[in-house]
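Participant: First the structure, then my questions, so here it is.
The values are calculated or read from the model by the stated rules, or taken from the named source; none is laboratory data. Remember, it's a predicted structure, so these values are computed and weren't measured experimentally. Neighbour counts run over all protein chains shown; Cβ positions are idealised from the backbone, glycine included. Calculation scope for accessible area: heavy atoms of the full protein, side chains included, ligands and nucleic acids excluded. Shrake-Rupley method; radii C 1.70, N 1.55, O 1.52, S 1.80 Å.
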Amino acid sequence: TFPHPLLYYTLAMNAPTDRDLILRAKRGDAEAYSEIVTRHQTGVFNVCYRILHNRNGAEDLAQETFMRAYNRLNTFDIEREFAPWIKRVAANLCLNHIEAQKVTLELDDERDEDKSPLSAVKSHLFRARKLLAEKLHAPD
């Protein structure tokens with residue numbers, strides 16, 4: 001997980017820009033990427049938390065976001081702002097995570113359906129009882 005950052009991250013007047021840090025990170029400078037993570041971790045965590053509504057999940061996916069972004073830095077257009085790009089990576093990762101959980105839940109529901117012979121009898125009795133109730137309440 002990420003260390004608890006300061007509420008606001010401030011840049012010194014002579015601090016390198018995101019663009020400079022990304023160029024350095026693309027060349028393999030781990031400290032430059034660490035600085036990028038420090039600058040953007042709160043925003044990325046907030047995106048994840050707003051989507052997932054779960055602190056632990058948001059922390060995990062925020063971390064995953066930065067790992068994926070690092071592996072895909074070559075796809076980042078250096079002429080654009082980094083913050084919207086990394087936040088979009090985070091949002092997509094969270095949405096994919098939610099979608100994957102839905103599929104798992106649907107598969108679990110299918111597995112848990114009762115297909116025993118007793119279930120078929122219960123279903124038949126329920127339908128018969130319903131038909132009987134309808135006939136008893138129907139006008140003659």
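Participant: Of all the residues that make up the range 54-103, how many are of a type in the set (Asp, Glu) and under 25 Å from ARG19 (Cβ atoms)?
Facilitator: Within the range 54-103, the subset of a type in the set (Asp, Glu) is 59-60, 64, 77, 79, 81, 99.
Applying the additional criterion that residues be under 25 Å from ARG19 (Cβ atoms) yields 64, 77, 79, 81.
Of the residues in that region, 4 qualify.
Participant: Hey, can you tell me all the residues within the range 62-85 that are assigned to a helix (DSSP H, G or I), touching a residue at least 12 places away in the same chain (Cβ under 8 Å), out of contact with any Phe, Trp or Tyr (no Cβ under 8 Å at 6 or more places or on another chain) and open to solvent by 20 Å² or more (accessible area, probe 1.4 Å)?
Facilitator: Listed by number, the residues that qualify are GLU64, ARG68, ASN74, ALA83.
Participant: Within the range 1-50, track down each residue that is hydrophobic (A, V, I, L, M, F, W, C), at pLDDT 95 or above and open to solvent by less than 50 Å² (accessible area, probe 1.4 Å).
Facilitator: Once the filter is applied, which keeps residues that are hydrophobic (A, V, I, L, M, F, W, C), at pLDDT 95 or above and open to solvent by less than 50 Å² (accessible area, probe 1.4 Å), the range 1-50 yields LEU21, ILE22, ALA25, ALA32, ILE36, VAL37, VAL44, PHE45, VAL47, CYS48.
Participant: Output the qualifying pairs, or none if there are none: Cβ atoms under 9 angstrom, residues six or more apart or on different chains, first residue in the range 22-37 and free of Cβ contacts under 8 Å to residues at least 24 places away in the same chain, second residue in a helix (DSSP H, G or I) and loosely packed, with under 14 Cβ neighbours inside 10 Å.
Facilitator: Filtered contacts from the range 22-37: ARG24/GLU31; ALA32/ASP20.
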